[in-house]
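Quick notes on the structure that follows.
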C-alpha cells in the first residue's frame, strides 16, 4: 500500500461544498469526500505553520513547549513564537520510519518555513524538492518600480517588507502553471513515475497555499463575484481597512484560491486513477489551521482568536479498502496522523502521543479523547463538544473566556462569569495535562535573525 498526504496552509475546514459549504466550488475534494471518510472534529494541536508540521511528522505533541532550539535564519515575524523550531533530533520522523521499512519517500513543497536553517523537515525523505517564491521567501530581487504595488494597496509606499518581497517573487508569473502549487503537483506525479520500480511509496505534498497573500488566477476569484472587479486587489487584507465591496473581493480571492487548489488536487487524483495507483494508495488531505474572513472584524488568523475558524482543520481520508461517504464526529488531532499511517502500512513503532484514528472510521472505537487542547504561543483552547474555554497559560492571574459552542459556534458571547463550574473543569483538564498549576513555567524563546535584505538596507542608510 502507498500513501500520499496533502497538507495545505490556511484552508478552512468549512469550505468544501459536499460537506455543507454550498457557496464553494470544490468538485475534486467533493469526490474525495464521497469516496472516503471525513473527520468532522479534527483540530490542530500546536499552532501555527511549523509546530503543526512537527506534530504531523512525528506524532508527538509540541505543547507544552519543551525546548529552546536554535532558530537562526527564521524570519523575524516568526522566531518569537514558542514552539517555532525544527524537529528535535531524538524524535524520529514519519519519513525516517518508513524509509527504514522499505518505502521510497518523497517530499514536494512550497512552504518556505520548512526549509529555513535549523528546521530539518527533510529528514527521512529520499527525494525532496522545494519550489520557491511564497510570501517572504528571499527568492528574487528587484527594484521599487517592479513592485506595481498600487495594484494591491491604497498605500503602496507603506508596504511591509514581506509584501514587497512577495511582489518581487511573482513578477514573472504569467500562467497558472507558474504558481508553485501546480508545480508541486507536477513534481509529485513525476516522483511517482520515476520511483515506479521502487514502490511502495510515501509522498508528502505540502503547500503554503492558501496563506495570504490571496491571489489565485483571476478567473477563480471572479467566479465568486456578481460583477467584474475593477478595483485594487486586496490580496493581503490584514494590512489595511477596506470598503464593503473590497471585503467581498477579499472573500472571493480566498474562495478562488481554494477552488484553484482543488483543481490541481484533481490533476493528482486523475493521475492516480489513470495510472492504476488509486486502488493501491491511501490519500490523506489535511490543513494546518484555518483563518477568519472578518467574522470578528478581522481577516486572517492570530492567537487572539482561538475559535473553530482558526483551530479546526481538514482531515479527509480515502482508503482503497475503507468506508465510503462516512462522517466521523469524535475528536482527532494532527498527532494522530503519523500512527494511523504507520498502522495502515504495517510498520511497528514505539510510543507516540497520537493514536491510530482509523478504528473511529471502521466502528471499532467510539472515541480517542473527550476533549482537545490547541495552543498558539501562550493562548490555549480547551474544547469539548459543548464548551470552548480559552486562556493565556502564562498570565499571573489567568482570565478565562468561555463559549458554549453548541449555541454560539463562532465564539461571540463570553459566558465565563455565568459558568464558573465549567471554567473550573476546563482549568483542571489543562493543569492536569501540564502537570502544574497555571501560570505554566515554559522555556523562553531564543531570538533569531533579521532578513538579510533588512540588514542590507539598514547598513546602506547608515552609510548614507
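Taken together, the values in this text are just the output of simple stated rules run on the coordinates, not laboratory data. All figures in this text were calculated on a predicted structure; none of them were measured in a lab. Glycine also receives a Cβ, built like all others from the backbone with ideal geometry; neighbour counts cover every protein chain displayed.
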Calculated semi-axes √(5λ) of the Cα gyration tensor in Å (choose from (i) 47, 26, 21; (ii) 31, 29, 24; (iii) 53, 30, 18), label: (ii)
For segment 379-434, the fraction of alpha-carbon pairs in successive 10 Å shells from zero, as %: 26, 60, 14, 0
Sequence-separation-based contact order of the chain, relative, with Cα cut under 8 Å and 6+ spacing, percent: 26
Neighbour-count order for 171, 301, 116, fewest beta carbons within 10 angstrom listed first: 171, 116, 301
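Once a ≥ b ≥ c are taken as the square roots of the eigenvalues of the Cα gyration tensor of segment 306-464, is the result rounded (a/c under 1.5), prolate (a/b larger than b/c) or oblate (a/b not larger than b/c)?
oblate
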Potential lengthening between residue 324 and residue 395 on full extension [0.36 nm per residue; Cα-Cα distance subtracted]: 21.0 nm
Residues 74, 195, 275, 367, sorted so that the one with the fewest Cβ neighbours within 10 Å comes first: 367, 275, 195, 74
For segment 276-350: relative contact order, % (alpha-carbon pairs under 8 angstrom, 6 or more apart): 31
Separation of alpha-carbon centers, segment 286-326 and segment 211-248, rounded to whole Å: 21
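Sorted by packing (mean other beta-carbon atoms within 10 Å per residue), highest first, where do 405-418, 149-162, 55-68 land? Before the final figure, lay out the partial values.
Numbers: 405-418: 13.2, 149-162: 14.8, 55-68: 21.5.
Highest mean packing first, the order is 55-68, 149-162, 405-418.
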Residue order, fewest to most surrounding Cβ atoms within 10 angstrom, among 258, 461, 114: 461, 114, 258
MRE, 222 nm, helices only [DSSP H, n ≥ 4, -39500 (n - 2.57), over the chain, to nearest 500]: -8500 deg cm²/dmol
